[in-house]
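Read the structure below first, then the notes.
The values are calculated or read from the model by the stated rules, or taken from the named source; none is laboratory data. Given the structure is predicted, the values throughout are model-derived calculations rather than measurements. A quick note on method: Cβ atoms are made from the backbone with ideal geometry, for glycine too, and the neighbour counts reach across all protein chains shown. Calculation scope for accessible area: heavy atoms of the full protein, side chains included, ligands and nucleic acids excluded. Shrake-Rupley method; radii C 1.70, N 1.55, O 1.52, S 1.80 Å.
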Amino acid sequence: MRIPESELIINDDGSAFHIHLKPEELADLVILVGDPGRVDMIAEFLTDIEFRHANREFVSTTGKYNGKRITILSTGIGTDNCDIVMTELDALANVSFKTREAKKKHRTLTILRIGTTGAVQPDIPLGSPIFSLISVGCDGLLNWYADRDSISELDMEKAFKKHVGWDKNLPSPYFVKASDKLAERFKDCSVMGVTISAPGFYGPQGRVVRLGLAMPDMIEKFESFKYKGYRITNFEMESSAVAGMAKHLGHEAGTICCAIANRYLKSSNPDYKALVRNLVKLSLDRLTC
């Protein structure tokens, strides 16, 4: 079936509408970062750089590490941006931009988001790498797609909503597992966590400046939630969309973040750039080994 121009917009140069990548420029290995400036930092580790594109918050490059081709792409902040990025990456891989039809043979991408995060458990030190084994989407994004329940851990979702006393005015959260293959690569060098993917930095993560919260005790409730050996480990803002969209679309995806704050202890480390650089090097090594 041909995908209409209004549903998948292709630029005049043959690139995807927002991220400005062309099908032949996309590698099978993809690293996503939120900060556009972080693309150039990661590119310092690469050889054989092919290009650098920039459009709004979407900056990209493709090069090689350990002889393997990797695409680096920034998403900006938020799951709404990741919805755009994940949809367009999949289209580049699995839709013919010439015929506008889905390809007969599915191409599976391996996608790792590298970012920063705030821990919510007192025993997670600043600087710890946290791999999002399960991502909790508090944004409602996947609720807009068909068969949302097929990729969500429904029993855990139900237990979480009951424990927290989930406000009826908030989007129903979804719980999505990361790729088992990626989790295996990072299990011995990171905290295996359950990550709250929040739709904002302030209220949705329990921060109070001048506005009160719908769930004033949310940090304490999140920290105390337990389910079959799992516990909430951290906050960030993109992992649920990356994991959820990838699961729907047939890709291997996960998120690993450096803890630069601890919300429970109310501590932070603003001088974290060296820690992120170390995490990037670790991730590149694990992805290409």
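Annotations
- Condition met for F97 (aromatic (F, W, Y) and open to solvent by 20 Å² or more (accessible area, probe 1.4 Å)): yes
- When the range 2-14 is limited to residues that are under 15 Å from D90 (Cβ atoms) and not in a strand (DSSP E or B), the one that is most open to solvent (accessible area, probe 1.4 Å) turns out to be E7.
- Residue match in the range 265-280 (condition: closer than 30 Å to K158 by Cβ, out of contact with any Asp or Glu (no Cβ under 8 Å at 6 or more places or on another chain) and among the hydroxyl-bearing types (S, T, Y)): no
- Taking the listed residues A198, A183, the one that is closer than 18 Å to A246 by Cβ, hydrophobic (A, V, I, L, M, F, W, C) and touching a residue at least 24 places away in the same chain (Cβ under 8 Å) is A183, with no other qualifying.
- Among residues of the range 29-81, those that are assigned to a strand (DSSP E or B), of a type in the set (V, I, T), in contact (Cβ under 8 Å) with a residue 40 or more places away in the chain and surrounded by fewer than 22 Cβ atoms within 10 Å (Cβ to Cβ), counted: 0
- The residue list L92, L126, L141 contains one member that is of a type in the set (A, V, I, L, M), more than 14 Å from T195 (Cα to Cα), open to solvent by 10 Å² or more (accessible area, probe 1.4 Å) and over 15 Å from the mean Cα position of the chain (by Cα), which is L126.
- Filter pass, T110 being modelled with pLDDT of 95 or more, closer than 23 Å to S179 by Cβ and in contact with a Cys (Cβ under 7 Å, 6 or more places away or on another chain): no
- Restricting the range 77-105 to residues that are touching a strand residue (DSSP E or B) at 6+ places or on another chain (Cβ under 7 Å) and of a type in the set (G, A, S), the residue that is farthest from L26 (Cα to Cα): A102
- Checked against (1) under 19 Å from K98 (Cβ atoms); (2) touching a Leu at 6+ places or on another chain (Cβ under 7 Å), D12 passes all but condition (2).
- Check on D147, among the acidic types (D, E), touching a residue at least 12 places away in the same chain (Cβ under 8 Å) and open to solvent by less than 60 Å² (accessible area, probe 1.4 Å): no
- Number of residues in the range 165-174 that are open to solvent by 70 Å² or more (accessible area, probe 1.4 Å) and touching a residue at least 60 places away in the same chain (Cβ under 8 Å): the value is 0.
- Exactly one residue out of K162, K177, K158 is within 20 Å of M237 (Cβ to Cβ) and open to solvent by 40 Å² or more (accessible area, probe 1.4 Å), and it is K177.
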